[in-house]
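Visitor: The structure's right below; bear with me while I get my questions together.
The values are calculated or read from the model by the stated rules, or taken from the named source; none is laboratory data. This structure is a prediction, so every number in the text was calculated from the model and none was measured. With ideal geometry, Cβ positions are generated from the backbone for all residues, glycine too; neighbour counts draw on all protein chains shown.
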Amino acid sequence: MIIAKAEPRGVFDVEQIRTDFPILGRPVRGRPLVYLDSTASAQKPQSVIDAESRIYATEYANIHRGLYYLSERATERYEAARRTVQGFLNAKHSHEVIFTRNTTESINLVAATYGRRLLQPGDEIVITGLEHHSNIVPWQLLREERGVVIKVAPVNDDGDVPLDAITGLFTARTKLVAVAHISNVLGTILPVAEIIQAAHAAGARVLIDGAQAVMHLPVDVQALDADFYAFSGHKLYGPTGVGVLYGKEELLNAMPPYQGGGDMIRTVTFEKSSWAPLPQKFEAGTPAIAQVPALAAAIDYVTALGLDRIARHENDLLAYATEQLTAVPGLRVIGTAPHKAAVISFSLDCAHPHDIAQVLDNAGVAIRAGHHCAQPLMERFGVPATARASFGLYNNRADVDALVAAVRKVQELFGQ
Amino acid sequence: MSDDLRDLYQEVILDHGRHPRNRRMIEDANHHARGENPLCGDKLIVFLKVNADGVIEDVSFEGQGCAISTASASLMTEVLVGKTEKQAEELFANFHALATGGEAEPSDELEDEMDRLSVLAGVRDYPVRVKCATLAWHTLVAALKDEQKVTTE
């Protein structure tokens with residue numbers, strides 16, 4: 001099934017869009033909120049907040065089993081959301097969409113099922129040097145249990161991982177390539193289509209960690225030919241507590257269940273149980289009944305705005321912010337790959353990232369400082385931590401100006 | 001600059017953050033420990049030279065960190081020289097109370113030292129920064145107990 005994505009018309013009116021996000025109207029430390037940490041978690045539009053509360057207020061019951069009106073309604077909402085995600089990713093089947101808690105759980109699911117059942121000792125998993133801990137540690141746990149080998153494609157000085165740095169690691173034992181679509185620290189966009197094509201030619205499967213990608217650019221899992229694609233709802237302007245694992249039908253069918261429990265079985269006897277078909281096989285227990293439809297509302301929201309237009313808006317902000325920040329003496333931008341999403345990691349020669357974030361917070365500017373769950377990447381660039389400003393669809397040039405003004409305050413305080 | 005920020009980053013802290021005292025290695029240290037704050041990536045080593053009477057003859061640190069953790073380590077090394085291990089532990093307990101919003105109740109002989117350390121009391125309003133201020137002190141206690149490594153998380 002191909003779902004046409006109509007290009008919305010009209011200008012991208014960020015000031016109008018900002019009114020959709022109630023939290024942007026509240027002051028923080030006596031100043032208007034300048035929220036530049038959407039990479040960690042994005043704020044929610046009213047339509048998402050309403051979607052979640054509407055379920056609780058009017059249509060809430062447990063799903064899939066109840067033989068009564070409310071349960072049927074809640075089940076419909078939940079399964080309709082699955083079809084919304086299917087359309088969003090352009091998956092072939094809706095049962096290829098598995099609801100999880102978040103990207104982390106999606107990756108752990110693959111490691112614990114595909115990894116344990118279908119990988120052998122000595123099989124190689126290729127990752128890159130810019131991965132989030134959630135795309136490193138599950139494979140290390142698998143290595144301890146199954147004796148698989150982890151190979152890491154190096155990051156270059158721009159913060160890029162060129163295709164040949166990845167394909168150069170491929171051997172006859174390479175069975176899985178697990179890479180971020182976009183780096184949460186550097187904003188680097190990896191060439192996932194080419195990576196997938198090369199991996200398939202080498203006989204390997206590919207998992208894409210799309211946690212930082214789905215809100216920045218359109219994703220078509222069939223066009224990419226991705227084997228697995230993972231993302232979280234809360235970074236996509238949706239609720240916390242719900243994530244997605246897309247997997248190709250034949251792979252999901254070949255994998256054992258992840259967790260055992262209710263909803264994921266066909267029959268249970270004390271001697272033996274059999275599993276429910278996809279997608280229930282991977283959705284044991286009561287899921288995020290109210291949050292899954294709210295994720296669909298978030299997808300509807302970004303789809304109505306248009307991911308292409310969102311990307312253009314964010315790229316404009318990225319260019320403006322990069323220009324303004326690099327004009328600040330003593331400021332180093334970490335991550336200068338040619339293809340970047342709207343994420344800027346930086347350091348100042350006069351102040352530690354922690355102090356930068358503190359002074360910015362005092363000015364109402366929320367950024368992240370730390371290792372961003374990517375300690376190996378910090379080591380690669382020889383820094384203990386970075387300050388990171390990240391931009392979402394609701395950020396505007398005034399936010400960038402507030403950031404730069406606050407960074408100059410940091411210099412006033414700590415310079416000399 | 002708002003007053004809140006000035007309370008946190010007092011001149012003494014900025015000065016010690018920029019120009020930390022005793023940031024060096026002690027070649028003949030008889031105690032040392034590593035401290036780490038995984039949250040912000042700060043790492044430091046505290047070196048101690050304690051004589052047979054239990055008196056701290058020299059104390060220093062190495063490492064990079066934020067202004068708060070560097071200033072705290074620097075001030076700590078200044079107040080500790082000439083103190084006994086027991087006094088060092090009393091200072092730690094009082095400093096910990098100061099940083100976490102409790103009441104510091106130093107004995108008379110340590111009042112001056114506590115006065116010097118009180119510039120760091122501003123961290124009590126910033127829960128995340130308490131760990132920055134106390135990292136050097138936790139590392140000191142670990143060094144005195146000959147524990148090799150300590151983390152504030």
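Visitor: Quick check on A:Gln291: is it without any contact (Cβ under 8 Å) to a residue 12 or more places away in the chain and either under 17 Å from the mean Cα position of the chain (by Cα) or surrounded by 18 or more Cβ atoms within 10 Å (Cβ to Cβ) (or both)? Steps first, answer last, please.
Guide: Working: without any contact (Cβ under 8 Å) to a residue 12 or more places away in the chain: no; either under 17 Å from the mean Cα position of the chain (by Cα) or surrounded by 18 or more Cβ atoms within 10 Å (Cβ to Cβ) (or both): yes.
So A:Gln291 fails the test.
Visitor: Within the stretch A:379-388, take every residue that is under 14 Å from A:Arg332 (Cα atoms) and outside any loop (DSSP other than H, G, I, E, B) and give me the one that is nearest to the other protein chains (Cβ to nearest Cβ).
Guide: Ranking the qualifying residues of the stretch A:379-388, first place goes to A:Thr386.
Visitor: Moving on to the next point. Of the residues A:Ala204, A:Ala193, A:Ala198, A:Ala254, which is touching a residue at least 12 places away in the same chain (Cβ under 8 Å), under 28 Å from A:Thr171 (Cα atoms) and within 22 Å of the chain's Cα centre (by Cα)? Reasoning before the result, please.
Guide: On the way: A:Ala204 fails: within 22 Å of the chain's Cα centre (by Cα); A:Ala198 fails: within 22 Å of the chain's Cα centre (by Cα); A:Ala254 fails: within 22 Å of the chain's Cα centre (by Cα).
Just a single option satisfies the conditions, and that option is A:Ala193.
Visitor: Let me ask something additional. Just a yes or no: is a residue in the stretch B:63-73 away from chain A (no Cβ under 14 Å) and within 14 Å of the chain's Cα centre (by Cα)? Step through it out loud before you land on a result.
Guide: At the first step, the residues of the stretch B:63-73 found to be away from chain A (no Cβ under 14 Å) are none.
No, the stretch B:63-73 contains no residue that is away from chain A (no Cβ under 14 Å) and within 14 Å of the chain's Cα centre (by Cα).
Visitor: Across the stretch B:133-153, which residue is surrounded by the fewest Cβ atoms within 10 Å (Cβ to Cβ) among those that are within 14 Å of chain A (Cβ to nearest Cβ) and of a type outside the set (Ser, Thr, Tyr)?
Guide: Looking at the filtered set, the residue picked out is B:Glu153.
Visitor: Another one. Tally up the residues in the stretch B:17-61 that are within 14 Å of chain A (Cβ to nearest Cβ) and either in contact with a Cys (Cβ under 7 Å, 6 or more places away or on another chain) or among the acidic types (Asp, Glu) (or both), please.
Guide: The number of residues fulfilling the criteria is 4.
Visitor: Still on this structure, I have one more. Any chance you could count how many residues in the stretch A:345-382 are free of Cβ contacts under 8 Å to residues at least 24 places away in the same chain, small (Gly, Ala, Ser) and at negative phi?
Guide: Of the residues in that region, 1 qualify.
Visitor: Please list, ordered by residue number, the strands (runs of 3 or more DSSP E) wholly in the stretch A:189-294 having 3 or more residues that are touching a Lys or Arg at 6+ places or on another chain (Cβ under 9 Å).
Guide: Here the list reads A:273-275.
Visitor: Among the listed residues A:Thr39, A:Thr100, A:Thr128, A:Thr104, which satisfies the condition of being touching a strand residue (DSSP E or B) at 6+ places or on another chain (Cβ under 9 Å) and more than 21 Å from A:Asp227 (Cα to Cα)? Show your work before the answer.
Guide: On the way: A:Thr100 fails: more than 21 Å from A:Asp227 (Cα to Cα); A:Thr128 fails: more than 21 Å from A:Asp227 (Cα to Cα); A:Thr104 fails: more than 21 Å from A:Asp227 (Cα to Cα).
Testing whether each residue is touching a strand residue (DSSP E or B) at 6+ places or on another chain (Cβ under 9 Å) and more than 21 Å from A:Asp227 (Cα to Cα) leaves just A:Thr39.
Here is a yes/no grid of residues against (1) without any contact (Cβ under 8 Å) to a residue 60 or more places away in the chain; (2) in a helix (DSSP H, G or I); (3) more than 30 Å from A:Gln259 (Cβ to Cβ):
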{"residue": "A:Phe12", "(1), (2), (3)": "no, no, yes"}
{"residue": "A:Ile17", "(1), (2), (3)": "no, yes, yes"}
{"residue": "A:Glu52", "(1), (2), (3)": "no, yes, no"}
{"residue": "A:Asn62", "(1), (2), (3)": "no, no, no"}
{"residue": "A:Leu67", "(1), (2), (3)": "yes, no, no"}
{"residue": "A:Leu70", "(1), (2), (3)": "yes, yes, no"}
{"residue": "A:Ala80", "(1), (2), (3)": "no, yes, no"}
{"residue": "A:Gly87", "(1), (2), (3)": "no, yes, no"}
{"residue": "A:Phe99", "(1), (2), (3)": "no, no, no"}
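Visitor: I would also like to ask the following. How do the pairs read when you match residues in the stretch B:107-132 that are in contact (Cβ under 8 Å) with a residue 60 or more places away in the chain and within 14 Å of another protein chain (Cβ to nearest Cβ) with residues anywhere that are among the basic types (Lys, Arg) and assigned to a helix (DSSP H, G or I), using Cβ under 6 Å and keeping only pairs 6 or more apart or on different chains?
Guide: Between residues of the stretch B:107-132 that are in contact (Cβ under 8 Å) with a residue 60 or more places away in the chain and within 14 Å of another protein chain (Cβ to nearest Cβ) and residues that are among the basic types (Lys, Arg) and assigned to a helix (DSSP H, G or I), the close pairs are B:Val123/B:Arg129.
Visitor: Please tell me if A:Gly122 is in a helix (DSSP H, G or I), assigned by TED's automatic domain parsing to the domain that holds A:Ala254 and not charged (D, E, K, R). Show your work before the answer.
Guide: On the way: in a helix (DSSP H, G or I): no; assigned by TED's automatic domain parsing to the domain that holds A:Ala254: yes; not charged (D, E, K, R): yes.
Answer is no for this residue.
Visitor: Can you find, within the stretch A:354-374, the residue that is farthest from B:Gly63 (Cα to Cα) among those that are at the interface with chain B (Cβ under 8 Å from one of its Cβ atoms) and out of contact with any His (no Cβ under 7 Å at 6 or more places or on another chain)?
Guide: Residues of the stretch A:354-374 at the interface with chain B (Cβ under 8 Å from one of its Cβ atoms): A:354-355, A:358-359, A:362, A:369-371.
Within this subset, residues satisfying the condition of being out of contact with any His (no Cβ under 7 Å at 6 or more places or on another chain) are A:354-355, A:358-359, A:362, A:370-371.
On the way: A:His354: 15, A:Asp355: 16, A:Gln358: 21, A:Val359: 23, A:Asn362: 27, A:Gly370: 17, A:His371: 17 Å.
Only one residue tops the list, namely A:Asn362.
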